[in-house]
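Chemist: Below is one structure. I have some questions about it.
Here, each number is a calculation from the coordinates, and none is a lab measurement. Nothing here was measured: the structure is a model prediction, and the numbers come from that model. Using ideal geometry, Cβ is built from the backbone for each residue, glycine included, and neighbour counts are taken over all protein chains shown.
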């Protein structure tokens, strides 16, 4: 990293990395998570942001190569996180580099990237970007009116098409799930959107915790699921890395959602199922 790149908010992130996060990230953790994913063979993979730490040009390009190596764009959907937008200009570069995993099925270069819309079988994936550059010591996200209106229309479209609707967002849209300086601004707007338009599942990142909440939706409670960092090895002060598996079955008015949480148990690609259960019925 150059001195010029450090002369920004990145200096605080660099110090934080060396004092805290570097100690929590162990060896081949991410590679082992990918191996576990390959063994599980999901139909589709959802990635809820923070592919990089300081959003340097080198990191963004490395993340692009990682995506190309591990995921076909048709088989993985990505939304950006606050680290992907760490400083002004970074998010724009990341969007350009990672576009194949971000775009809607109908890739219109003139249309905004978000909210995105992808249909995979009976499932609609609606991607929301809460990422934005913030001041030092802040990691808030934004969910503004324009994106809320557009996302609501996509949720209605998917419901009319009889699809199971999955919303992807980096920041947790639940009050109290993140500290004040890491919260989602527009959290009430997100809740209003769910009440008016509904959804069957919300996935988020950001907190590095394995969590399950429920928010009020148009047709009943909507599960909101968080995930540990994919780079946290076992033995740290945060949950070890893993992934969530969701089995979706049924039809409109009779959906069933079974959640299996897989967590790394050792240094190799070994995972234990720490939670299984029916978390959504609509």
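Chemist: For the stretch 78-184, treating each Cα as an identical point scatterer without solvent, what Debye log10 I(q)/I(0) comes out at q = 0.11, 0.12, 0.14 1/Å?
Modeler: -0.36, -0.42, -0.57
Chemist: Measuring from label point to label point, each 7 Å out along Cα→Cβ, what is the residue 65 to residue 144 span in nm?
Modeler: Once both label points are built, they end up 3.5 nm from each other.
Chemist: Reported to two decimal places, what Rg/Rh ratio describes the stretch 180-282 when computed on Cα atoms with Rh from the Kirkwood expression? Each step should come with its number before you reach the end.
Modeler: Details: Rg = 15.3 Å, Rh = 15.0 Å.
Over the Cα atoms of the stretch 180-282, Rg/Rh equals 1.02.
Chemist: Which of 168, 67, 51 moves the most in a Gaussian network model of the chain with Cα springs under 10 Å?
Modeler: Its mean-square fluctuation being the largest, the pick is 67.
Chemist: Here is a further query. Taking only C-alpha pairs under 8 Å that are 6+ residues apart, what is the relative contact order of the chain in percent? Please report the intermediate quantities before stating the final value.
Modeler: Numbers: 575 pairs, mean separation 43.8, N = 282.
Value for the chain: 16 percent.
Chemist: In what sequence, highest mean first, do 92-98, 132-138, 189-195 appear when ranked by Cβ atoms within 10 angstrom? Provide the component values of the computation, followed by the final result.
Modeler: Details: 92-98: 17.7, 132-138: 13.3, 189-195: 19.3.
Top to bottom by mean Cβ count within 10 Å: 189-195, 92-98, 132-138.
Chemist: Moving on to the next point. Need the C-alpha centroid separation for the stretch 195-272 versus the stretch 25-95, integer Å.
Modeler: Here the two parts' Cα centres lie 18 Å apart.
Chemist: Ranked highest first by the average count of other Cβ atoms within 10 Å around their residues, in what order do 260-266, 221-227 fall? Walk me through the intermediate numbers first.
Modeler: Working: 260-266: 18.3, 221-227: 21.3.
Highest to lowest by the protection proxy: 221-227, 260-266.
Chemist: Using r as the Cβ-Cβ distance of residue 270 and residue 75, and R0 as 35 Å, what FRET efficiency do you calculate, to the nearest 0.05? Before the final figure, lay out each step's value.
Modeler: Working: r = 24 Å, r/R0 = 0.69.
Calculated value: 0.90.
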